[in-house]
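Everything below concerns the one structure shown next.
The values are calculated or read from the model by the stated rules, or taken from the named source; none is laboratory data. The structure presented is a predicted model; accordingly, all values stated were derived computationally and were not measured. Because the Cβ atoms are built from the backbone with ideal geometry, glycine has one as well, and the counts that use them run over all protein chains shown.
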Amino acid sequence: MYKIPKYHRTNMKGVEKLQGEPIELKLERILNNNEPITDGAPEIFTDKKDGVKSAYNIRTDRWEIATEAMDKVEASKIAKKDAQAKGKEEKAKAEKEAKVINLKAEKVGEPKSTNGTSDS
């Protein structure tokens, strides 16, 4: 018995194809029209006196930079928590310092015991 393959449909579409310009025609166009070369990768090399850019230096310790950044993030989170805790402490302190009013109501018309008393 053979398995029948199942084909799944998808919504993915292909990339639109563009016809590129051959290098020979491009060079001819640039040389004949004296056009500047506008495409290409950015230059990452610098003069020797300027040194190497740290973004492109393979010897840069990126781990140290990342840990410093995470320390700053953690410090901001701790500061935010401390600010919230301080706000709660001030609110609790303000509630304790609030004037306490004793509202004991006098009992009016309280029933009294009649045992052992003579009203007659």
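Against the definition (free of Cβ contacts under 8 Å to residues at least 60 places away in the same chain, touching a helix residue (DSSP H, G or I) at 6+ places or on another chain (Cβ under 7 Å), exposed (fewer than 10 other Cβ atoms within 10 Å of the Cβ) and not in a helix (DSSP H, G or I)), how does Ile37 come out, yes or no?
Taking the combined requirement at face value, the residue satisfies it.
Kindly check whether there is at least one residue in segment 50-70 that is over 41 Å from the mean Cα position of the chain (by Cα) and either of a type in the set (Lys, Arg) or surrounded by 10 or more Cβ atoms within 10 Å (Cβ to Cβ) (or both). Scanning segment 50-70 turns up no residue that is over 41 Å from the mean Cα position of the chain (by Cα) and either of a type in the set (Lys, Arg) or surrounded by 10 or more Cβ atoms within 10 Å (Cβ to Cβ) (or both). When segment 41-79 is filtered for residues that are assigned to a loop (DSSP other than H, G, I, E, B) and at pLDDT 80 or above, the ones remaining, listed by number, are Asp47, Lys48, Lys49, Asp50, Gly51.
Hey, can you tell me all the residues within segment 31-40 that are among the aliphatic types (A, V, I, L, M) and modelled with pLDDT of 90 or more? Before the answer, list the steps.
Step one: filter segment 31-40 for residues among the aliphatic types (A, V, I, L, M), giving 31, 37.
Matches in segment 31-40: Leu31 only.
Checked against (1) over 30 Å from Gly20 (Cα atoms); (2) surrounded by fewer than 10 Cβ atoms within 10 Å (Cβ to Cβ); (3) modelled with pLDDT of 80 or more; (4) not small (Gly, Ala, Ser), Lys86 meets all criteria but (2).
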